[in-house]
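Engineer: Could you have a look at this structure, given as structure tokens, before my questions?
The values are calculated or read from the model by the stated rules, or taken from the named source; none is laboratory data. None of these values were measured; they are calculated from a predicted model. FYI the Cβ positions are ideal-geometry reconstructions off the backbone, even for glycines, and counts take in every protein chain you see.
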Amino acid sequence: MVSEIIEKADKIYRKNFPMETWFERAIFFSWYCAIRNCKFCYMSTQPRKKDPVKARRKESSLLAELILCKKLGWRLGFISGGLGAFETIEFEKILKDMHKITNEKMWLNIGAVDEEKIKKFLPYVKGLVGSIETINKKIHNFICPSKPIEKYEMMFEIAGKYGLKKAMTIIIGLGETIKDYSKLKEFIEKHNIEKIHFYGLNPQKGTIFENADPPSVEYQAEWIARTRIDFPKIDIQCGIWKDRTDYIPLLLKAGANSISKYPITRYFASKSAHEIEDYSKKAGRAFKGTLTKIPENINWDKEVNNLDLDKEIKEKVRKKLKQYLKKMKNNVKEWENKK
Ligand code: SF4
């Protein structure tokens, strides 16, 4: 019975973690991907001719978002973006600047990185994320023809050599069944995975999943619960889309630590942002950080002034931060007016 498995997982979670949760932000640096053929992915619907330089996000925008993360208590899930968007040297510089804001090493999710790149990124990176997506090999080969699991396994081997942590992503609803869980268990054990992101399929227009149903909350929860039972200390993140906030209580009860995937900069203080906080509390978890209020005591200018960056980039970050805050403050006002 799924409910019994979830009850068991809940007990294990309570023994191993405080009753709290938080939001984790994945920072995306580009809308370009050299592969563009994973069959569930929005990128696969994008024109082949897309220019990698034009599809990049500006560094100032990335840095401004990191300041928001830091001050509003959104923890950093990982840094990600389509493969091939930056040259290694450019990306190294961006990581260095990001690290100046986070003051802590970051998770990196940029495909199966080779040893040369890993060595370059080491000062700024605490761990590597493998976008495994589905553990069922047959489905994986069909869904992600250009990113074989073996390449990620090689990356994990190298990560281990340099003392880096290892994490993986799984998308529930790509055609796997719960019978595949045993393969996931083996994979986590084999590679000593310390963190796992369980997303639910978000059917994208123009892909083969366009008319597919997203996974039910019970099914997504079962994957989380089984993982929690077998790996009491593993860090589990559950992906929540804005139309699935009602999944939160069961996914947290199943043993997830944190919540991600929600497009927070756009929907800050919206109805669904309030729901995330409320549902987390209903699940008995204190919600760390805020998705709905901008603390008044933050001197945003001072935050930018204190950055150890060139004057020119600082001014760009200041401008971008203002834009983000303006939108977020408008959202707060709209919410207040609706009450
Ligand atoms: S590699 Fe990542 S960004 Fe590129 S198509 Fe696959 S899932 Fe999408």
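Engineer: Looking only at the stretch 202-228, which residues are over 22 Å from Cys38 (Cβ atoms), buried (at least 19 other Cβ atoms within 10 Å of the Cβ) and not polar (S, T, N, Q)?
Structural biologist: Answer for the stretch 202-228, where residues must be over 22 Å from Cys38 (Cβ atoms), buried (at least 19 other Cβ atoms within 10 Å of the Cβ) and not polar (S, T, N, Q): Ala221, Glu222, Ile224, Ala225, Arg226, Arg228.
Engineer: Just to check your reading of the model, which residue among Phe121, Phe198 is in contact with a Gly (Cβ under 7 Å, 6 or more places away or on another chain) and aromatic (Phe, Trp, Tyr)?
Structural biologist: Phe198
Engineer: So, one more: Give the residues of the stretch 17-70 that are within 13 Å of the ligand (Cβ to nearest atom) and among the small types (Gly, Ala, Ser), sorted by residue number.
Structural biologist: Ala26, Ser30, Ala34, Ser44, Ala55
Engineer: Among all residue pairs at least 6 apart or on different chains, which show Cβ distances below 8 Å where the first residue, located in the stretch 114-137, is surrounded by fewer than 20 Cβ atoms within 10 Å (Cβ to Cβ) and β-branched (Val, Ile, Thr) and the second is at pLDDT 95 or above and not in a strand (DSSP E or B)?
Structural biologist: Listed by first residue and then by second, the contacts come to Ile118/Met155; Ile118/Ile158; Ile118/Ala159; Ile118/Tyr162; Ile118/Leu164.
Engineer: Go through the stretch 282-306 and count every residue that is surrounded by fewer than 17 Cβ atoms within 10 Å (Cβ to Cβ) and hydrophobic (A, V, I, L, M, F, W, C).
Structural biologist: 2
Engineer: Shifting gears a bit: Criterion first (β-branched (Val, Ile, Thr) and closer than 14 Å to Glu65 by Cα) does Ile264 satisfy it?
Structural biologist: In short, yes.
Engineer: Name the residues in the stretch 71-87 that are without any contact (Cβ under 8 Å) to a residue 24 or more places away in the chain and within 15 Å of the ligand (Cβ to nearest atom), would you?
Structural biologist: Residues satisfying the conditions do not exist here.
Engineer: Counting only residues that are part of a helix (DSSP H, G or I) and in contact (Cβ under 8 Å) with a residue 40 or more places away in the chain, how many does the stretch 9-27 have?
Structural biologist: Residues that pass the stated criteria total 6.
Engineer: Also, I was wondering about something else. Is at least one residue of the stretch 48-67 within 26 Å of Glu275 (Cα to Cα), surrounded by fewer than 20 Cβ atoms within 10 Å (Cβ to Cβ) and touching a residue at least 24 places away in the same chain (Cβ under 8 Å)?
Structural biologist: Looking through the stretch 48-67, none of the residues is within 26 Å of Glu275 (Cα to Cα), surrounded by fewer than 20 Cβ atoms within 10 Å (Cβ to Cβ) and touching a residue at least 24 places away in the same chain (Cβ under 8 Å).
Engineer: Still on this structure: Which one of these does Gly239 not meet: (1) surrounded by fewer than 21 Cβ atoms within 10 Å (Cβ to Cβ); (2) within 16 Å of the chain's Cα centre (by Cα)?
Structural biologist: (1)
Engineer: If you take the residues in the stretch 255-281 that are in a loop (DSSP other than H, G, I, E, B) and under 19 Å from the mean Cα position of the chain (by Cα), which one is nearest to Ser80 (Cα to Cα)?
Structural biologist: Lys261
Engineer: For the stretch 150-171, how many residues are crowded, with 20+ Cβ neighbours inside 10 Å and either within 15 Å of the ligand (Cβ to nearest atom) or touching a residue at least 60 places away in the same chain (Cβ under 8 Å) (or both)?
Structural biologist: Of the residues in the stretch 150-171, 7 are crowded, with 20+ Cβ neighbours inside 10 Å and either within 15 Å of the ligand (Cβ to nearest atom) or touching a residue at least 60 places away in the same chain (Cβ under 8 Å) (or both).
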